[in-house]
Structure formats: structure tokens, C-alpha cells
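Enquirer: After the C-alpha cells below, expect a handful of questions from me.
The values are calculated or read from the model by the stated rules, or taken from the named source; none is laboratory data. Computed from a prediction, not measured in an experiment: that's the story for all the values here. Glycine also receives a Cβ, built like all others from the backbone with ideal geometry; neighbour counts cover every protein chain displayed. We work out accessible area using only protein heavy atoms, side chains counted, and drop any ligands, DNA or RNA first. Shrake-Rupley method; radii C 1.70, N 1.55, O 1.52, S 1.80 Å.
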Amino acid sequence: MDKQDHFYIGWQETMPAPHRRFLRPFLFGLVLLLPILVFTTVWFQKDFNDHRFELGTLTEVTGTYYESPVPLLLADEGELPNTLSKSILLVGFGKFGAEGIMKDIQETEGSLVGKKVRLSGTLIYGAGHTVMELTQKEASLVQVYEDAALKTPALATNGAYQGKGEILDPKCYFGVMKPGEGKTHKSCAIRCLSGGIPAVFKPDNTGDYYILLDAQGKKLNEQLLPYIGYLVDMNGSVSNYFDWKVMVVDSRALSLNVSRKGERCGGDG
Amino acid sequence: MAVSYKPVLWNRQKKKYDQILWMGIALILGCFAIFEFLLHPTITIETLIIRATAFTAIILLHIILMIGPLCRLDKRFLPLLYNRRHLGVSMFLIALVHAAFCIIQFHALGDTNPIASVFLSNPNYQEISQYPFQTLGFFALIILMLMAVSSHDFWLNNLSPKMWKQLHMSVYIAYALLILHIALGTLQYEKDLFYTILLWSGFLTISGLHLVAGWKTRSQLRAEQNALKQEGYFEVALLEEISEKRAKAVFVDGQNIAIFKYDGKVSAVSNICKHQMGPLGEGKIVDGCITCPWHGYQYYPGNGQSPPPFKEKLATYRVKIIKDKIWINPSPFPEGTAVEPAIINHG
């Protein structure tokens, strides 16, 4: 039995001295422990890449618009800093491809394919590639120049690829999200590809990136959805679309390409 | 019977509790932001908010779950229990920020309703490592939300203490869902062993404290049970075991009883407070009333009734004192029935 009978009641003005004396070092210990716990938790995190998304900053870029196989603006010389690729992959606002916006624009402006245009949007860049979000949707078209339309260069196969890697959505991966890959990003990548943002394949042992197409040169997004988040074996013929590499994959044999279901993408930050 | 809403009654200790709580939350969030910007300067604001709120919420949940067993092991932790509801509501609000940012970041502005997307975007429900972990967090958040909105005494009275307690015990389901949410989500990306150790450390701490506190309570109850059993009455305690104005809790013939010694008398009432089923036997006689250690609810020891205008009533029991020993009859009287206290004969 306690010699002194101390009893705690919450609604009283003060707590008994033994309770206060007991809890004070306990709370002080927590104040010391929590920052240490936070520090170690942050310390062991994977580092993020240096990709950028210029959220809140609209940039106007003049260049030639191409639509096939995926919407792209080939920026004129001097329009972008030299550190950025001039081949700007166009994507829509949110988790959508640019096709819908460009279709609406061309319904009033006529075909812009091969024409010089000035587009406004939010730049996303990293790993040697540039992407632009058409943030203002149809209002992203600033100007159409009267120059004659250029022809879209044909995709000429210049090699083959075989290897393993992860299927990504380029909008998130090249800057919008940190991290834009791996299990925690899987649902978002599925939403982005489902919305029409072109699928990009990132081999796990090279710094290359490939826009994935089917044999008809169309986007493969829907067929790829089940394989996002897995380490995928991929093979196909490779060609160049300006600064981007494009890989044509046989969609009928796609399921056979996933041979390592036991391995999962954790991403490498 | 209609139950009216009464605003939260603030007092000095409640205010101090909340001040310390939110200073602690600010400390965690602030440290998280500073360390992220120092160690990972290219992090986005959205990712920082998602990670900092997740970390803060899970730390608070661990503290919440530790308070109960800590109070069983040492009563000096009781001040932490007094305003635990505010701790729970704060934790829910922080978890809500985490969930909102995750849903906006990963599921909004797409071709599917954001909430539907949480369940539909990743259909790999059949594979453990690919499991859509967001769904587990979603259901945990629903449980925490139900607990937060029902935390006021208005709901305690409306639902009845028993149902309210059952609802709030579902915090353990939420905790299990959140452990899986982390294990199948973040731990599938952040693969450093540190995070696995951290998660298991938290789980083992919570489990261990509950096991030790449960073992202590159980062993106490068993020892008392073995000492009882007599015809009609059971010998339950020595007078000297009970301090003045304090009690001893006993478990007799299925009845959980608190025996109070006060003013030269001994009375016995149910050990379970009508408010939140708090252990009255750990309480004290204050101003002539049995006072619950959890929230200060009060009852007269002679009849188990709360002082007017309150209407809570406890079951009462017959008590006898033979020499220095207290004997009790575990057949309860109807709640609020006056029973003559046993008189201590000092001669």
C-alpha cells in the first residue's frame, strides 16, 4: 500500500506530483527519441531522381507538330535550353494523353501535322527526355504559322532489343512524381496508361527509354496494363522518332514476354 | 430516451494534453520536412506530405495502443489515458490528409472515379506482393473515421457503453490493416531492412505490452478466485489490504466487484463504470463518492447511484466483515439498490 495516497483525476486543475514526476522524463524521452526515429526513417529512404516538373510555370515553345505514332513537338533551335531534348513528347492534363486535346484543336484549326505551331504547357524533363503537359487544354495552342506542312518521317527499324525492365508512364517518371515507378506508383501508372499517355519501357540495366507500339504503330497501352509493376521480359524492333526510341512489340505474343512473374519492380529511385 | 449533445468540457489538464500533443505532432512533421529537404532535396511537396503524414499517423497510433496496457502496468500513466480520444481524433485527421493526398496524386484526374480507382486500378488481389495495398489503408481509414466521429460522449450515451466500447475495440482491426498496408505497399518499394525492422519493432512492442498487461491482470484475478468460495459468501480480502477511501477489485462467481473502504465502512459495487467500463476498483472515494480513475464519473458507495442530476447506477452487493476478513455475496442487487455497508469494528 502507498504511504501517501495519490489519485489522478483528469478534471482536476493539476495532476498529483508523483504522476507529474513520472511522466516528465517519459515525455522528455519521447521528444528526444522522435527526431532520431524520423531522421533514421528519412536516412534509409531511396534517393529520388533529379527529374523536374515545372508545376505552376507555363512555357511557350515553337516547333513542328507531329502526331504519329504519338503526339510530339519538335522544338525549333533556341526554343529550349541546350540541356533539354528538343523532341517534346506531348501529354494531356491530368492522367490523359494529348490526342484528345489535339483532336479538339484540329477540329477548329484544321490539321496541324507537320506545321509550325507555338504551344503553351508545363515542362517535364529528366534523363535526357522532355515532356510537355498541355495544361490549358485547347487553349494550349498559342499560334499556328503559315509555313508549309512537313512530312512525318517514317519509322525506320535500325535494330532490335531484348531484355528486361519496367513499363512506365513517362509523365510521372520524367518528373511529375517522386518516385514515378515501382509498387507504390503502380496504380497511378495504370491510370495514366489507361488514359492514353504512351507507355515507355525502361530497361533495368541501361539508360535508354522506349515508347512501346504495336505492329501497326499504335499505342499498346491497354494490352500492357496487366504487366505494370512487374519486371517484364521485352523484345521488339527498335527505331527512332526524333530523340525518342520506339520499340514495336508483337502484342499477340505479349503475354509470353512476361517470363519472370516472381520478380517485381521495386524501382531504383 | 433522448440523449442531448453537450459540447466538450475543457479543463486545464485537457488543454495541456492537447498542447503537448500538437507540439509533438509539429515536432514530427517539422523534423520530417527538414530531414527530407536536407537528405533528399529533389523530393516533391506532394510526396513529402504523403510520407510525413503517414509516418506521423502510424507513430501516433502506436502511442495510442500503448497507453492502455501501460496504464494497467503502472497507474502513473493514467494522465495519458484521460484525453486519449483527442489523440485518436488528431491521428485520424493526419491519416485523412495522407489518404486525400494519395487519392488526388495517384487516382484523380484520370479516366475513372478516384475512389473507384483505388479498388480497380490494380486488380492483382490474388497475389500478395502485388496486392492493391491502398484498399487496406482505405478500410482502416473508414474504421478510424467511425471511431473519431463517435468519440464524443454523445455517441457513448447513444450507442450504450458496451456497443461504444466494441466499436472502439475495432482499432485493433485498423491497426492490423495498416500493418499490412505498409508491408504490401511501402516495404515493396523501400526494401532496406531498416523498414522491416521498424515495422516489426512497433508490432512487437504493442503485442508485448498487451500480453504482459493481460498476464498481470489474469494472474491477479486467478489468485483471488482461488482464495474465494464459501457458502453464499466468499472471503475476498483482508481489511488491511485496502487503503482508506480506496478499493480492491475482485472477480467472484462471474461478478466483477469493487470493494471500497471508507469512513469506517465497507461497501461493494460493480467494478465496471457505466461511462466507459472503466475499472472502478482502481478509483477512489472523493467527496463521499466512488470516482472512476478514467474520466472521474462518480457514484455513492452505499447505493451505487450517481449524485443528482446524473442517473448512472451500479449493481450493489452484500458485504460482511468477520474479524479482519471481508466476505462478499456475489449475487447482485438491482442497480441503484441501497445496501447497508459493513461496519468496521475496531475493537
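Enquirer: Whether any residue in the range B:82-98 is more than 10 Å from every other protein chain (Cβ to nearest Cβ), in contact with a Phe, Trp or Tyr (Cβ under 6 Å, 6 or more places away or on another chain) and in a helix (DSSP H, G or I) is what I want to check. Break it down stepwise before answering.
Expert: Looking only at the range B:82-98, we keep the residues that are more than 10 Å from every other protein chain (Cβ to nearest Cβ), and these are B:84-98.
Pick out the ones that are also in contact with a Phe, Trp or Tyr (Cβ under 6 Å, 6 or more places away or on another chain) and you get none.
Checking the range B:82-98: not a single residue is more than 10 Å from every other protein chain (Cβ to nearest Cβ), in contact with a Phe, Trp or Tyr (Cβ under 6 Å, 6 or more places away or on another chain) and in a helix (DSSP H, G or I).
Let's see how each residue does on (1) touching a helix residue (DSSP H, G or I) at 6+ places or on another chain (Cβ under 8 Å); (2) open to solvent by less than 70 Å² (accessible area, probe 1.4 Å); (3) within 23 Å of A:K218 (Cβ to Cβ):
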site	(1), (2), (3)
A:E79	no, yes, no
A:V91	yes, yes, yes
A:G100	no, yes, yes
A:R118	no, yes, no
A:G126	yes, yes, no
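Enquirer: Can you tell me which condition A:G217 does not meet? The list is (1) assigned to a loop (DSSP other than H, G, I, E, B); (2) under 16 Å from the mean Cα position of the chain (by Cα), and all the others hold.
Expert: Checking A:G217 against (1) assigned to a loop (DSSP other than H, G, I, E, B); (2) under 16 Å from the mean Cα position of the chain (by Cα), the one that fails is (2).
Enquirer: Residues B:I50, B:I115: which one is modelled with pLDDT of 95 or more, in contact with a helix residue (DSSP H, G or I) (Cβ under 6 Å, 6 or more places away or on another chain) and of a type in the set (A, V, I, L, M, F, W, C)? Break it down into steps so the answer makes sense when it comes.
Expert: Working: B:I115 fails: in contact with a helix residue (DSSP H, G or I) (Cβ under 6 Å, 6 or more places away or on another chain).
Exactly one residue qualifies, and that residue is B:I50.
Enquirer: Between A:E166, A:E138, which is charged (D, E, K, R) and under 15 Å from the mean Cα position of the chain (by Cα)? I'd like the intermediate steps shown before the answer.
Expert: On the way: A:E138 fails: under 15 Å from the mean Cα position of the chain (by Cα).
Answer to the check: A:E166.
Enquirer: Same structure, new question: Any idea which of A:S194, A:S239 is hydroxyl-bearing (S, T, Y), out of contact with any Phe, Trp or Tyr (no Cβ under 9 Å at 6 or more places or on another chain) and open to solvent by 20 Å² or more (accessible area, probe 1.4 Å)?
Expert: A:S194
Enquirer: Right, another one. What is the residue count in the range B:132-152 for residues that are more than 14 Å from chain A (Cβ to nearest Cβ) and among the polar types (S, T, N, Q)?
Expert: First pass over the range B:132-152, keeping only residues more than 14 Å from chain A (Cβ to nearest Cβ): B:139-152.
Keeping just the survivors that are among the polar types (S, T, N, Q) gives B:150-151.
Number of matching residues: 2.
Enquirer: Please work out if B:A100 is more than 30 Å from the chain's Cα centre (by Cα) and assigned by TED's automatic domain parsing to the domain that holds B:M23.
Expert: So B:A100 fails the test.
Enquirer: May I ask you to list the residues in the range B:275-309 that are in a loop (DSSP other than H, G, I, E, B), open to solvent by 40 Å² or more (accessible area, probe 1.4 Å) and within 14 Å of another protein chain (Cβ to nearest Cβ)?
Expert: Hits for the range B:275-309 are B:D287, B:Y297.
Enquirer: Return the only residue of A:I211, A:I190 being modelled with pLDDT of 90 or more and within 23 Å of A:L55 (Cβ to Cβ). Spell out the reasoning first.
Expert: On the way: A:I211 fails: within 23 Å of A:L55 (Cβ to Cβ).
The unique qualifying residue is A:I190.
Enquirer: Can you tell me which residues in the range B:193-214 are loosely packed, with under 15 Cβ neighbours inside 10 Å and at pLDDT 95 or above? Can you show your working first?
Expert: In the first step, residues of the range B:193-214 are kept if they are loosely packed, with under 15 Cβ neighbours inside 10 Å; the result is B:193-194, B:196-197, B:200-201, B:204-205, B:207-208, B:211-212, B:214.
Listed by number, the residues that qualify are B:L193, B:F194, B:T196, B:I197, B:W200, B:S201, B:L204, B:T205, B:S207, B:G208, B:L211, B:V212.
Enquirer: Is there a residue being over 28 Å from B:F37 (Cβ atoms) and part of a loop (DSSP other than H, G, I, E, B) anywhere in the range A:128-137? Spell out the reasoning first.
Expert: Kept after step one, since they are over 28 Å from B:F37 (Cβ atoms), are these residues of the range A:128-137: A:134, A:136-137.
Restricting the remaining residues to those that are part of a loop (DSSP other than H, G, I, E, B) gives A:134, A:136.
Yes, that holds for at least one residue.
Enquirer: Do you know which of the residues in the range B:64-79 that are among the hydrophobic types (A, V, I, L, M, F, W, C) and in contact (Cβ under 8 Å) with a residue 60 or more places away in the chain is nearest to the other protein chains (Cβ to nearest Cβ)? Give the derivation first.
Expert: First pass over the range B:64-79, keeping only residues among the hydrophobic types (A, V, I, L, M, F, W, C): B:64-67, B:70-71, B:73, B:77-78.
Then drop every residue that is not in contact (Cβ under 8 Å) with a residue 60 or more places away in the chain, which leaves B:64-66, B:70, B:73, B:78.
Details: B:I64: 13, B:L65: 15, B:M66: 11, B:L70: 9, B:L73: 12, B:L78: 5 Å.
Per the stated criteria, the residue is B:L78.
So that you can scan it fast, the table gives a plain yes or no per residue for (1) within 24 Å of A:L231 (Cα to Cα); (2) of a type outside the set (G, A, S); (3) in contact with a Gly (Cβ under 9 Å, 6 or more places away or on another chain):
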site	(1), (2), (3)
A:G128	yes, no, yes
A:M132	no, yes, yes
A:A148	no, no, yes
A:T157	no, yes, no
A:Y161	yes, yes, yes
A:F174	yes, yes, yes
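Rundown of residues vs (1) of a type in the set (K, R); (2) closer than 30 Å to B:A108 by Cα; (3) within 21 Å of the chain's Cα centre (by Cα), yes/no style:
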{"residue": "B:N11", "(1), (2), (3)": "no, no, yes"}
{"residue": "B:I20", "(1), (2), (3)": "no, no, yes"}
{"residue": "B:I34", "(1), (2), (3)": "no, yes, no"}
{"residue": "B:T44", "(1), (2), (3)": "no, yes, no"}
{"residue": "B:L60", "(1), (2), (3)": "no, yes, yes"}
{"residue": "B:L65", "(1), (2), (3)": "no, no, yes"}
{"residue": "B:F77", "(1), (2), (3)": "no, no, yes"}
{"residue": "B:R84", "(1), (2), (3)": "yes, no, yes"}
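Enquirer: Still on this structure, please answer the following. B:V171: open to solvent by 40 Å² or more (accessible area, probe 1.4 Å) and either modelled with pLDDT under 95 or away from chain A (no Cβ under 14 Å) (or both), yes or no?
Expert: On the way: open to solvent by 40 Å² or more (accessible area, probe 1.4 Å): no; either modelled with pLDDT under 95 or away from chain A (no Cβ under 14 Å) (or both): yes.
It is false that B:V171 is open to solvent by 40 Å² or more (accessible area, probe 1.4 Å) and either modelled with pLDDT under 95 or away from chain A (no Cβ under 14 Å) (or both).
Enquirer: Show the residue pairs meeting these rules: Cβ distance below 9 Å; 6+ apart or different chains; first residue within the range B:21-43 and of a type in the set (D, E, K, R); second residue surrounded by 14 or more Cβ atoms within 10 Å (Cβ to Cβ).
Expert: Going by the 9 Å Cβ cut-off, the qualifying pairs are B:E36/A:V42; B:E36/A:Q45; B:E36/B:I43; B:E36/B:T47; B:E36/B:L48; B:E36/B:R51; B:E36/B:A52.
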